[in-house]
Amino acid sequence: MKYIVAFSLAIIVSLSAVAQPQKSSPEQPDIPGDISVDFGLTFLRNTQQFLESQAWPSRVVGLHYMYTHKLADKFTINPALGVGMDRFGIQDNVNFQQDSSRVYQLDTISGLALRKNLLTFSYLELPVELRFYPFKTVQGEGFFLGIGGFAGLRIGSTTKVKYDFDNATRVEKQRGDYGINQFRYGLQTHIGWKQFSIFSRIYLNDLFENPPVGVNPRQITFGINFTGF
């Protein structure tokens, strides 16, 4: 996960440098764009007591480079490109194991008290949003309401288990696809003022392409956003 964050930051910083006017090349146009950062909590729907998630450890971080194009005095269109990183804290002592057909199933961990049980995954994302400014805007400032959608391609997923054994704390990390959907998509909304907003996301795809049990949950996310770094 830290390598994905570092790589994403490198891309966004590079894009930000391109977006700034260059003294040595005054003829180069200034490309409007902003770094947008999401922090939020994510929840699972339709779990039916399967893969129950813990509220606080289940968090999301989004890092995007957003372009603002003014359509009219009260409307802008805002496409973006970046990475969405999701983490679920699993309540029960379960983890993912592959069966003989290399399909992931949930297996109960017995004899251990888990201090941490996490499922994390990251997506390369393309959000697009239409924003309405009831009091007009010049460059995307002021109070706004936004609605749009997003699509993403999974670029990584891991599990992390932390527990005590033989008077020592042990951590186990594993990489795999865990049956998680390769693609995801959904709807998003923002309500904000200038560089700050609150957002929500409803994921229209199932979390798993191959669910480890009979039910297949979907996500819903709420959080805050800072834009304009």
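Readers should treat all values here as calculations from the given coordinates under stated rules, not as data from a laboratory. Everything numeric here is computed off the predicted structure, so don't read it as measured data. Because the Cβ atoms are built from the backbone with ideal geometry, glycine has one as well, and the counts that use them run over all protein chains shown.
Identify the trypsin sites (Lys or Arg not before Pro) of the range 89-149 meeting these criteria: DSSP loop state and at most 16 other C-beta atoms within 10 Å of the C-beta.
Within the range 89-149, the qualifying trypsin sites (Lys or Arg not before Pro) (loop, at most 16 other Cβ atoms within 10 Å) are ARG102, LYS136.
Applying 1/(1 + (r/R0)^6) with R0 = 41 Å to the Cβ-Cβ distance of VAL213 and ILE147, what FRET efficiency is obtained, to the nearest 0.05?
0.75
Taking the Cβ of ILE155 as the center, what net charge do the other residues with Cβ under 13 Å away carry, scoring Lys and Arg +1 and Asp and Glu -1?
0
Label-point separation (nm) for PHE222 and PHE132, each offset 7 Å from Cα along Cα-to-Cβ?
Each label point is offset 7 Å from its Cα along the Cβ direction, giving 2.2 nm.
Note down the relative contact order for the range 73-229 as a percent, whole number, built from C-alpha pairs under 8 angstrom at least six residues apart.
21 percent
Based on the mean of other beta carbon atoms within 10 Å per residue, what is the order of 148-155, 66-73, most packed first?
Going from most to least packed, we get 148-155, 66-73.
Short version: ³J(HN,Hα) in whole Hz for each residue of the range 122-138, in order, from phi by Karplus 6.51 cos²θ - 1.76 cosθ + 1.60 (θ = phi - 60°), x for Gly and Pro, what are they?
10, 10, 7, 10, 10, x, 9, 9, 9, 10, 10, 10, x, 9, 6, 8, 9
Using the Cα centre as the reference, give the magnitude of the dipole from point charges on the C-beta atoms of the range 32-227 (Lys, Arg: +1; Asp, Glu: -1; all else neutral), rounded to the nearest 20 debye.
Value, rounded to 20: 360 debye.
Give the calculated FRET efficiency between ARG115 and LYS194 to the nearest 0.05, with a Förster radius of 45 Å applied to their Cβ-Cβ distance.
Efficiency, rounded to the nearest 0.05: 0.65.
For the range 82-98 and the range 171-199, what is the separation of their C-alpha centers, rounded to whole Å?
Centre-to-centre (Cα) distance: 13 Å.
Taking the Cβ of each residue in LEU126, LEU204 as the centre, tally the other Cβ atoms inside 10 Å and list the residues starting with the fewest.
The most exposed by this proxy come first: LEU204, LEU126.
Calculate the dipole size of the range 87-150 relative to its Cα centre from +1 charges on Lys and Arg beta carbons and -1 charges on Asp and Glu beta carbons; express the result in debye to the nearest 20.
So the magnitude is around 160 debye.
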